[in-house]
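What follows is calculated from the coordinates using simple rules that are stated; it is not laboratory data. Values in this document were obtained by computation on a predicted structure and should not be read as measured data. Cβ coordinates were reconstructed from backbone atoms using ideal geometry, including for glycine residues, and neighbour counts include every protein chain displayed.
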Amino acid sequence: MVSVVLSGVRKSFGTVEILKGIDLTVEDGEFAVFVGPSGCGKSTLLRMICGLDEVTSGTVAIGGEVVNDVPPAQRGIAMVFQSYALYPHMTVAENMGYSLRLAGVDKAEIRSRVATSAAVLRLDKLLDRKPRELSGGQRQRVAIGRAIVRDPRLFLFDEPLSNLDAALRVDMRAEIASLKARLGSTMIYVTHDQIEAMTLADKIVVMNAGRIEQVGSPLDLYRMPANRFVAGFIGSPRMNVVAAVVGPDGRPVLAGGAVFPVRTDLAPGTRIDVGIRAEHLSPAENGDEGTLSGAVRVVEHLGSDVFVHLAVEGAAYPVIVRIGGERQVRAGDLFRVTPEPSSIHVFDAAGLRVPTRSPARSAA
Amino acid sequence: MTMTSVEGSAAPMRVSAHARKGGLKAHERRVGRLFLLPALAAFTLVILFPFLRALAVAFTRSDLQTPEPIFVGLANFRAILATPEIIGAFVTTAVYVGLATAGTVVLGLGWALILNQSFRGRAVLRAVTLIPWVLPSTVTAFVWGWIFNSRFGVLNAALVGVGAIPYPTAWLSTTGGAMTAVVITKIWFSIPLFMSFFLAGLQSLDREQIDAARVDGAGNFALLRDHILPHLRPVLLVVIVLGVIGNLQHFDTIFALTGGGPVRATSVLSIEVYRRAFDQWDLGMASALGLLWVATIMPAAYFYLRHLLKGA
Ligand SMILES: Nc1ncnc2c1ncn2[C@@H]1O[C@H](COP(=O)(O)OP(=O)(O)OP(=O)(O)O)[C@@H](O)[C@H]1O
Ligand SMILES: [Mg+2]
């Protein structure tokens, strides 16, 4: 169990700079999740923490010790790869015991440690099989088993569940959560999956184009995204973002004339973006404060929820609204919604979050 | 893999109407067989007929003193077993094939491992590596003949230059030197092909598997022993069998370089057969020897064909 501290980490492949200065601390025993669009450098960063790739500049410290020149095997790390990377010609037991064998641990000890880990992951009956004789979920468990056998100080996971089907992914997510609870090791986890990030993480690190956009707890990122990128990336469906202008009284005004019930300190006439999540818009009565109205374009029934896509005047993209599953809405209907004032986000022209106040309190 | 995905999907497979009804009709099958005729004719003419002729000649006395071949039964084979030089040729062949095959496999693999690293100029080096492959074998023999040349050779110049030997050596005139020379020439000639096999094999090795092994603590030697060689096992098998077959048959560079000498030191079976047939015109002995020679190739060829057919 160790902390990981990255300071000014940069990475270039040839002349292309992939990571542009990463500063990050992952505390002892913390579960950190890296998220970000494809190609933003998550795997590259993970490989540098692991020692598989060298940093171009900056330092990587594990447990207070700078490990830039320490080879992967001596960093006390285990990594679970997206492709599982099992050794195809070795049995499950040999796969799991390989690192111990290389370390010169004696056979009886290897056998007992493999057996212990295998029991935890329900692999005991598969120990003599080769990887090609296993299902995807079983392979995944072997990959995790291979990691825990070594009793590492730090776990690295690179999209470990992305090759599994949806149902298996839910199971394995629970398995990783229980692993986290039982081992208490520091873990860094890369994923594309919102739900994995929100449910597993103590700390989410949102990356974009080689930089960290924001670091925080899942709820922090959901409630207070630092910028438009994080707002759009965290949460599903994506946050609705519409272009607006600051009105004379400080309230954002949409091109179609709708007024949002929040106030900012920006000068009237400033161009801004207003963000509101689907779950923070509720059906409204005519004449309510700050209602948005538009024709229903698409209705998506997901069982418990219904997502309605509204063509709101002045918004470039349809505004998505979540409503209860029992409500009847048809394409073409006129629909009105009103935003929850405390959940309205305002971003300036540079995309940074702008503080807002509720209009009622400022009037008092 | 494609098959299972096709079968698994709902889309019906598109096949010809005849095939769906359980194969070709009888007259179509007859027409189909006609198409085999040219190949069959060529095979009979070029391979089967000469082979059967050789088979027949092997049991005859057929040399310059006997205008008409005389059937002699197994006499030629008995003569072969009683001729120490010919037994020696089998030994020489074994040494040559063993050294040349081992050398090609080891160096080809090593070279492939080097060319599989990423470094500047790799593409150029890969291209250059293929040159020996495209050179005609007589040119290869000529080039190496000059390298080993006692008076003007690069090898002597280099060795004398660095002080490894006091004065130039006539490499091709010593028995050990001649064998070394023909083996090196063959290795040089075969490396490109073998290297390509190994390189293709290495490129299909999962990079994450190697990464995982490094995280598990594998050094370069453990990587080679536990991951690269097991991965290359099928390639290795094919390469060794092909190497053995190729080296057993090899003739031209040896003939051009040493002609089998000095004192039969490099007189492998191919040279021996040639000499019996075209120096001494003893066709009976040459054919019998040829048959024995083919028999030594058979096991290797059998393994190779079985492997190929299983793979297909
Ligand atoms: N060995 C390499 N040489 C050159 N460029 C590389 C190399 N490895 C990665 N890159 C580049 O670095 C960038 C980041 O790659 P990386 O694999 O870290 O992305 P990622 O965030 O993990 O993406 P994904 O979510 O798709 O896995 C990509 O643009 C990629 O093309
Ligand atoms: Mg990645």
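The stretch B:83-136 and the stretch A:46-93 have Cα centres separated by 37 Å. Restricting the chymotrypsin sites (Phe, Trp or Tyr not before Pro) of the stretch B:211-305 to loop positions (DSSP other than H, G, I, E, B) with no more than 15 neighbouring Cβ atoms within 10 Å leaves B:F251, B:W281.
Considering only trypsin sites (Lys or Arg not before Pro) in DSSP loops that have at most 14 other Cβ atoms within 10 Å, the longest stretch of chain A without any of them is A:123-326. For the stretch A:312-364, the calculated P(r) over all alpha carbon pairs, in 10 Å bins from 0 to the bin holding the longest distance, is 15, 38, 31, 16, 0 percent.
With neighbour counts taken as other beta-carbon atoms within 10 Å, the residues A:I204, A:I176, B:I80 rank, fewest first, as B:I80, A:I176, A:I204. Each principal axis of the Cα atoms in chain A has its own extent, and those three values, largest first, are 78, 46, 39 angstrom.
When a/c reaches 1.5 or more, the comparison of a/b and b/c decides; with that in mind, is the stretch B:25-116 rounded, prolate or oblate per its Cα gyration tensor? Oblate shape, in that a/c is at least 1.5 and b/c is the bigger or equal ratio. Calculated mean residue ellipticity, 222 nm, chain B: -21000 deg cm²/dmol, from DSSP H runs (n ≥ 4) at -39500 (n - 2.57) each, averaged per residue and rounded to 500. Once the Cα atoms of helix A:107-120 and of chain A are each reduced to a long axis, what angle between those two axes, in degrees from 0 to 90 to the nearest 10, is obtained? Taking Cα atoms only, the helix is inclined about 30 degrees.
In a fully extended conformation the segment linking B:W133 and B:L305 would gain 59.6 nm over its present Cα-Cα distance, using 0.36 nm per residue. On a 0 to 90 degree scale, rounded to 10, what angle separates helix A:136-149 from the longest Cα axis of chain A? Taking Cα atoms only, the helix is inclined about 60 degrees.
Taking every full run of DSSP H in chain B, the ones that stretch at least 20 Å from end to end by Cα along their long axis and average -0.5 or higher on the Kyte-Doolittle scale are B:84-115, B:175-203, B:229-249, B:283-311. Annotation: the stretch A:238-363 has a Kirkwood hydrodynamic radius of 14.7 angstrom, from the mean reciprocal C-alpha pair distance. Applying a threshold of 22 Å to the alpha-carbon distances of A:K107/A:K130; A:K11/A:K180; B:K25/B:K310; A:K42/A:K130 flags A:K11/A:K180; B:K25/B:K310; A:K42/A:K130 as lying beyond it.
Cα centroids of the stretch A:304-358 and the stretch A:1-26: 37 Å apart.
Along its principal axes, the stretch A:215-298 has C-alpha extents of 36, 35, 18 angstrom, given from the largest down. Only helical runs count toward this figure. For chain A, summing -39,500 (n - 2.57) over DSSP H runs of n ≥ 4 and dividing by all residues gives -7500 deg cm²/dmol at 222 nm. Legend: mean number of C-beta atoms from other chains within 10 angstrom of residue C-beta atoms, peptide A:76-85, equals 4.
Residue order for A:M48, A:M224, fewest other beta carbons within 10 angstrom first, comes to A:M224, A:M48. Take the Cα pairs of the stretch B:24-71, get the Kirkwood Rh, then feed it into Stokes-Einstein at 20 °C and 1.002 mPa s and tell me D in µm²/s. D = 159 µm²/s. Can you compute log10 of I(q)/I(0) for the protein assembly as shown with the Debye formula, treating each Cα as one identical point scatterer, at q = 0.07, 0.08, 0.11 Å⁻¹? Normalising to I(0) and taking log10 leaves -0.76, -0.88, -1.18.
Peptides A:83-89, B:231-237, B:39-45 ranked from most to least packed by the mean count of surrounding Cβ atoms within 10 Å: A:83-89, B:231-237, B:39-45.
Here's how it looks for A:Q214: its modeled amide H is under 5 Å from those of A:V206, which are all 5 or more places away or on a different chain. Going by neighbour counts of Cβ atoms within 10 Å, the residues B:T138, A:T91 line up, fewest first, as B:T138, A:T91.
Tell me whether chain B comes out rounded, prolate or oblate; compute the Cα gyration tensor, take square roots of the eigenvalues as a ≥ b ≥ c, and use a/c under 1.5 as the rounded threshold. Note, shape of chain B comes out oblate. Taking B:L130, B:L248, B:L64 as the candidate residues, the one with maximal mean-square fluctuation in a Gaussian network model of chain B, Cα springs under 10 Å, is B:L64.
What is the distance in Å between the Cα centres of the stretch A:200-249 and the stretch B:29-52? Going from one Cα centre to the other spans 74 Å.
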